[in-house]
Every structure is written in structure tokens, then in C-alpha cells.
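Worksheet: the structure to be examined is printed underneath.
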Ligand SMILES: Cc1cc2nc3c(=O)[nH]c(=O)nc-3n(C[C@H](O)[C@H](O)[C@H](O)COP(=O)(O)OP(=O)(O)OC[C@H]3O[C@@H](n4cnc5c(N)ncnc54)[C@H](O)[C@@H]3O)c2cc1C
């Protein structure tokens, strides 16, 4: 084999396909630990999003207890199936602002900026024209199909006017580099079949016969030989001991949680981590597994008036659910088509006014303190930039939260809800993921340090208060009867110091991840904690690259799959250029 790609997930499948197309004379091998599941309805049916979490298609990782969040353990779902996390994700399809991709370049990565990333991200998608959406920044001929949902719940029609009342403008071009505003949100769904469009069914069918895909095989480590002061990857060893040779290069695309672990298992990493795990160090690279960043979310739910139907009906009415499933299977419009449609992205000034925003920024300043870390300093810069979103609010139809949908037999069972989910776009917590031992079978130690500083806590509190404000603004205020979560019993509508304490209690108890870990094999200068250079080659090696979400040096706002696919497209370009130069 000439090229080995480890991990047939979002980036790995996209990269392997593009390499097969761009290097027709090469042999490419894509190794995926999970199965191929082309007919799995829990993956394919948009309205069943989330149903694969905790199943065989999920690695089912968890964090260590998070002291900042009442010592809770957070789940860290990751796709273990061809397509990786693109098979499990919730299909939100968006982009961050121009300044956030430009920040990657400013951190020492020439060529990684908005201009190159938007060109790459447009190559990923074919966007179905919609009266609800514009044309700036959308792709027209890529392998991933994207749409605005054809079904928008009646009560959700109040979303855009409500945000307009709050001074937030309608944005029809949110994929074009300015995501601020309120919008109809794209989803990665193929409008021909109304099926999830993802890395496995979007990219891989376009590969040539020079790509071999092997599923159900787990790579245990990369094999390295020293050569003129640097190390060359000669191939990989599988969990069962089989060795596969790579004549040209090895690419790790195992994702933010497992790519750093594979480096560590191969002897590349921080000395103390490798010592603790009893692994001989081959390359001293202290940045491996560090710089873990993630978005977190907080949510509030509201019980709808009885004259509105929410998607909760699919869990409380089995007859209707099976009718709707039959419609989906027959290719007819169905409630199961739905993923989501009402989103908004805001800066803090728009959310809480100039004075509230300034308070949050000084908390951020205090949290970062005198840190000389490049990423921390850049994050402060992004917080001060009014073109960069700091808060996302998703109008999620149906109940999603921590309290749980009312149990069968409870008075509210069968009622419909909507949930407003807020995501904090630039939290300051940073953590790490490392191997625990030298055994591939052991779970990694994942520590994102959620809510470990006062800025992140106050951002969460600001977000949940704003959710209540949105829900109480017309016309949205006219579609619901009561606040279910937190509920006025948990946090009264008054503003006494005791109430402030209750908001804080709620935030610490209910903040969750939105599943966007990045940064653990960061593309940064080596002396600044970098793991890969701007060609995505691991420092100290000649031909070992990392291509997945882990290389993002700094987390971007919104949902990150478009950036991950964009990274794979850029990486393919770089690898093909290098291969052609070598000829
Ligand atoms: C539940 C969930 C919801 C999300 N929702 C959204 C959303 O709505 N919108 C959005 O934009 N983003 C969303 N994301 C984030 C987005 O899907 C991910 O950031 C992205 O898919 C990560 O891509 P990746 O290539 O880095 O890793 P992955 O896609 O996770 O790929 C890694 C692959 O490597 C394989 N692998 C790992 N170790 C090995 C090994 N040793 N040997 C062989 N194979 C291995 C894995 O099985 C997996 O297939 C969500 C993520 C999750 C988990």
C-alpha cells in the first residue's frame, strides 16, 4: 500500500476519496474500526438523529469527573462506523465567521484562512436552492447534499419575528462568512431520498478502484524508523498484531479523541504521559493530546399549547410514529424528515448590551490572566471582535434536556415541547485527552475542564437567562403554556441575589457538551505546543500526517463538520501536490 488512512470517519473518508481521485496511480487503504452500515435507519432517517448514541455505532467515551460542573461525568459520543461522527451527528450544517478561520493563519499556519477554507468547504457540498436561503458561500457540486428542511413546524414560524423583535436581523447568507443573525438552518440531507448525507454515502462512492476500504479493523500504532534525525512511518500495526506496510505515508484521521492516543501509543508525545503509560518515547512532542477545546450548551424547554404538534408526538404516540415511518420509507413527506431549522448566532453586545458584554470580556481577561499561551490570547481577540458569534441559540422542536421527557403515566406525558438550546461559542476552558496505559483496550483520560473559569460559568448563566427572555418575547411567547425546564419553581422570574444563586446552580447542574472536541493534535508552531505543521505533518516525522478535527488550533463557532470536511479537502490538495512533486 502506498498511502494508509487510519479512521474512515468524516475527514478520513473524504480524504481517502479525494486521494483516490487525485492520485489515480496510487493505492490507498482506508482502515476503519467500526462496521459499514449503509442500511441502518437510525443513521439514515433524519428524524431519528440521536438514536445511535450509546449503541454499537458509538465509542461511548466519557470524561473524567468535571470539578467545575458539580463533578459530573460527561458523555463523549464518537462515531464507530464507516462515516465516523458524520453518521451520528445532528446534521446542523453551518460555518463560522471569516475572522475565526483567519485566526488559524495568524497562529502560525500560512495558507489556512477564510479564503482557502471557504474554497475547500464549497467543494464539499451541493446545496439545494431554497426560497428561505441565499447563494453566498454555498457549494453547488460537492458530494454532501444539503437542504433547508421541507417541513417547518407551525409554532416555529414565530422564531424569526421573535428574534427580529429582539433586534436580531434575518440572515439569508449565513454560510458566507457572516453567520450573525437569525436564520433557517441548513442540514446535510439528500433531497432525492430525504436521507442523511454523510461521509460514507456522500464521498466514498465517488472513489476509484484504487481505494480499498477495510472495516472492523482497529489500528494499534504507527510503526516508525529513524532516518537522518527524523522518523519515517513505515506502516501500521493492527490490534491483532498484523503489520501493514505503507510505501509513501500514513495519515491519522481517528478524530480528536483517538488521533492523539494513536500518536502516544506510537511513542510520540509528552514524556510524563508516556512514562505514566509505560510507553517508550520516540519523539518528544508535549502538545500531543493537549489544547482540548469543546463547545458546551445549556437548554430551556417550554410546554406547547395543545393546538401545536411537536415532534414529541413520535415518542408518545406509537401508532402515529409507525404511520410516519411508513411515509418516510415510501419516500413521502414525513415528520421523520425533520432535523432542525431555526437558529441564531449573536455576539455578546447583541445578547446583553454593551455593558453586559464588557463585564463578560473582563471576566475573560481575568480568566486568561497573564497566560502567554497563543491560543488563549487569540481567543480573547475573538471575544473582542463584534463579527464573531459568541452565542448560538437553536430552536429545537421537541423536548431535549436534563430533566427528561415526562414519564408514561405522568400528567404531562403526551404533551409537546420545544427546547431552546444555547451553545457557548468561545469558552475559555481548555483540557486534554491522553492514553491511560499502553493498552489500546483502555479508555482514554478525557478532561475538557468544563466550566473551570468564571467567564465560562457566567456565559452559561447569560445564555440560559437569554433563553427565558426569547421565550417570553412575542410572538413566540404566544405558543407555549409553561416553562418546563428550568421552570419557575427551580428559578423564579424575579432578580434577587437568591435567584442569581439559583441560575448558577442550574447552570452547573445542567450544562452539557455539544460534542465538538478539537485541538488535540493542534496545527501550531512546535514551540507553541503544536503537533502538526501547516502541511499537517507530525513534527519530527517525514511522512506521518494528522487530518481530522484534532488539528484545528482554535475552536470555531457553530457546528464544526463543514470545517472538518474542509480540512480533509485542503489536506488532499496538499498531499496530492507533494506526491506530484516527488514524481
Ligand atoms: C453526537 C454528535 C452530534 C454532532 N452534531 C453535529 C452537528 O449537528 N453538526 C456539526 O457540524 N457537527 C456535529 N458534530 C461534530 C462533528 O460530527 C465532528 O466534529 C466530526 O464528524 C469529526 O470528524 P473527524 O473526522 O474528526 O472524526 P470522526 O468522524 O469521529 O472519525 C474518526 C473515525 O476514526 C475511527 N477510528 C478511531 N480510532 C481508530 C483506530 N484505532 N483504528 C481504526 N479506526 C479508528 C472511528 O471509528 C471513526 O470512524 C457532532 C458530533 C457528535 C458526536
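The values are calculated or read from the model by the stated rules, or taken from the named source; none is laboratory data. Source: prediction; values computed, not measured. In this analysis, Cβ positions are derived from the backbone assuming ideal geometry, glycine residues included, and neighbour counts consider all displayed protein chains.
For a quick check of your reading: which helices (runs of 4 or more DSSP H) sit entirely within the range 317-405 and have at least 3 residues that are closer than 26 Å to residue 173 by Cβ and touching a residue at least 40 places away in the same chain (Cβ under 8 Å)?
Filter on the range 317-405 gives 348-368, 374-384.
May I ask you to verify whether residue 102 is more than 16 Å from the ligand (Cβ to nearest atom), surrounded by fewer than 24 Cβ atoms within 10 Å (Cβ to Cβ) and free of Cβ contacts under 8 Å to residues at least 60 places away in the same chain?
yes
One line per residue, one yes/no per condition, for (1) in contact (Cβ under 8 Å) with a residue 40 or more places away in the chain; (2) under 27 Å from the mean Cα position of the chain (by Cα):
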site	(1), (2)
153	yes, yes
170	no, yes
185	yes, yes
188	yes, yes
212	yes, no
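Does any residue of the range 543-553 turn out to be more than 30 Å from residue 99 (Cα to Cα) and at pLDDT 95 or above?
Yes: the range 543-553 contains one or more residues that are more than 30 Å from residue 99 (Cα to Cα) and at pLDDT 95 or above.
Look at the range 481-502 and say how many of its residues are touching a helix residue (DSSP H, G or I) at 6+ places or on another chain (Cβ under 9 Å) and either surrounded by fewer than 21 Cβ atoms within 10 Å (Cβ to Cβ) or within 14 Å of residue 422 (Cα to Cα) (or both).
From the range 481-502, those touching a helix residue (DSSP H, G or I) at 6+ places or on another chain (Cβ under 9 Å) are 483, 485-486, 490-493, 500; that's our starting set.
Applying the additional criterion that residues be either surrounded by fewer than 21 Cβ atoms within 10 Å (Cβ to Cβ) or within 14 Å of residue 422 (Cα to Cα) (or both) yields 483, 485-486, 490, 492-493, 500.
Looking only at that region, the number is 7.
Looking at 560, 514, 551, which one is surrounded by fewer than 24 Cβ atoms within 10 Å (Cβ to Cβ), touching a strand residue (DSSP E or B) at 6+ places or on another chain (Cβ under 7 Å) and under 21 Å from residue 388 (Cβ atoms)?
514
Just one of 34, 54 is surrounded by 20 or more Cβ atoms within 10 Å (Cβ to Cβ) and either at pLDDT below 95 or within 13 Å of the ligand (Cβ to nearest atom) (or both); which is it?
34
I'm told residue 115 meets every condition in (1) part of a helix (DSSP H, G or I); (2) buried (at least 22 other Cβ atoms within 10 Å of the Cβ); (3) over 18 Å from the mean Cα position of the chain (by Cα) except one. Can you identify the failing condition by its number?
Unmet condition: (2).
May I ask you to list the residues in the range 223-236 that are closer than 30 Å to residue 56 by Cβ and either part of a loop (DSSP other than H, G, I, E, B) or within 10 Å of the ligand (Cβ to nearest atom) (or both)?
Selection gives 236 alone.
Within the range 74-91, is there a residue that is more than 9 Å from the ligand (Cβ to nearest atom), over 19 Å from residue 558 (Cβ atoms) and either in a loop (DSSP other than H, G, I, E, B) or free of Cβ contacts under 8 Å to residues at least 60 places away in the same chain (or both)?
Yes, that holds for at least one residue.
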